[in-house]
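First the structure, in the form of structure tokens, and then the observations on it.
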Amino acid sequence: MPLFWKRLLLFAAGAALCVLVYLFLHNFPGLGQRSATAGLIPVLAIAAGTWWLTLRFLRADGMSPSDLGLGAGDHRLARLGIGFLAGSALTLVWIAIVTLTTGGTWHPNPAFRAMTLIGACGFAFFNNIGEELVYRGYAFVRLADRFGPFVTAVATSALFALLHLQAGIPWLSVLAGVFSSGLIFAAIFARWRSVPLALGFHVATNIVQDASGLRTSAASLFAPAFPPTAADAGTLILGSIALINLILAAGILRLKTT
């Protein structure tokens, strides 16, 4: 087997081990997302594990963190912030789609708890670090060098979607939401080769969904109220969001080739 594939398979095995450790800790009593620790210990473990794994394989291939936009001179915090602003803007577009298609209204959430939101932010940040390092990091660079950014973006986004599918998310939501969002994250990384930029965008989509009430919980500042006919708009909502995401991902990837 060529060294290229051996290293990718070893990286995949290491990433799978990180996921298994995460799942074990997440299901351990007192460490889950609904516990007092808000699931931070499992996501800290996967973030640390994938970071160590990434550094090991970068060194093995004669690469450096700068190849992923993670070097000291790569303006990491600035790119993280820019990504967060852009991801927030896209999520607001999703909220507008939901509001316009359902006629829903948004009200202050009486069940809101500030500590729950803080925990959700921490969980999203560290969990997304692990996801970005696995799907839009070392493996993405190596695959893109061999197969190009388009094939790599689709392949890694499909794996990203499959992981969410096995977590119990309905397949239509995975296809329209997770897969198409993964294409955007992949396009951002392919265009600018910056994990912090893709990470900021990814984190924003999760935090803004939670805080806005698009995914209503005690972490939500607002809670939506929908008319009885809103249930009929589900497919239209998902289709509209998927279309927006695909147009954005295609536009960014087109920038990569021009």
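The values are calculated or read from the model by the stated rules, or taken from the named source; none is laboratory data. Just so you know, these numbers come straight off a predicted model, no measurement behind them. Every residue, glycine as well, gets a Cβ built from its backbone with ideal geometry; the counts of neighbours run over all protein chains shown. Surface areas here come from the heavy atoms of the whole protein model, side chains and all, with no ligands, DNA or RNA. Shrake-Rupley method; radii C 1.70, N 1.55, O 1.52, S 1.80 Å.
Assorted remarks:
- Restricted to region 68-79, and to residues there that are touching a residue at least 60 places away in the same chain (Cβ under 8 Å) and under 20 Å from the mean Cα position of the chain (by Cα), the residue that is nearest to TYR138 (Cα to Cα) is LEU68.
- Single unsatisfied condition, HIS202 versus (1) out of contact with any Leu (no Cβ under 9 Å at 6 or more places or on another chain); (2) over 27 Å from LEU55 (Cα atoms); (3) of a type outside the set (Phe, Trp, Tyr): (2)
- For beta carbons closer than 6 Å, sequence separation of 6+ or different chains, a first residue in region 184-203 that is charged (D, E, K, R) and a second that is assigned to a helix (DSSP H, G or I) and open to solvent by 10 Å² or more (accessible area, probe 1.4 Å), the qualifying pairs are ARG191/ILE252; ARG191/LEU255; ARG191/LYS256.
- Any chance LEU199 is of a type in the set (A, V, I, L, M), modelled with pLDDT under 95, part of a helix (DSSP H, G or I) and more than 17 Å from PRO149 (Cβ to Cβ): no
- Residue in region 207-215 that is outside any helix (DSSP H, G or I), of a type outside the set (Gly, Ala, Ser) and surrounded by fewer than 20 Cβ atoms within 10 Å (Cβ to Cβ) present: yes
- Residue selected from region 71-111 under the condition buried (at least 18 other Cβ atoms within 10 Å of the Cβ) and touching a strand residue (DSSP E or B) at 6+ places or on another chain (Cβ under 9 Å), by the criterion farthest from VAL195 (Cα to Cα): THR102
- Taken together, the residues in region 57-69 that are in contact with a Phe, Trp or Tyr (Cβ under 9 Å, 6 or more places away or on another chain) and either outside any helix (DSSP H, G or I) or open to solvent by 50 Å² or more (accessible area, probe 1.4 Å) (or both) amount to 4.
- When region 23-38 is filtered for residues that are under 14 Å from ALA219 (Cα atoms) and crowded, with 17+ Cβ neighbours inside 10 Å, only ALA38 remains.
- For the condition at pLDDT 95 or above and not in a helix (DSSP H, G or I), LEU17 does not qualify.
- Total residues in region 230-254 satisfying the condition of being open to solvent by 90 Å² or more (accessible area, probe 1.4 Å), modelled with pLDDT under 95 and either more than 21 Å from GLY103 (Cβ to Cβ) or not aliphatic (A, V, I, L, M) (or both): the figure is 3.
- Qualifying residue in region 103-117 (condition: closer than 28 Å to PHE189 by Cα and part of a helix (DSSP H, G or I)): yes
- Residue list for region 125-153, filter: within 30 Å of SER217 (Cβ to Cβ) and open to solvent by less than 10 Å² (accessible area, probe 1.4 Å): ASN128, GLY130, GLU132, LEU133, ARG136, GLY137
- Residue in region 1-22 that is nearest to ALA60 (Cα to Cα), counting only those that are surrounded by 15 or more Cβ atoms within 10 Å (Cβ to Cβ) and small (Gly, Ala, Ser): GLY14
- Within the option set PHE185, PHE179, being open to solvent by less than 20 Å² (accessible area, probe 1.4 Å) and assigned to a helix (DSSP H, G or I) holds for one residue only, PHE185.
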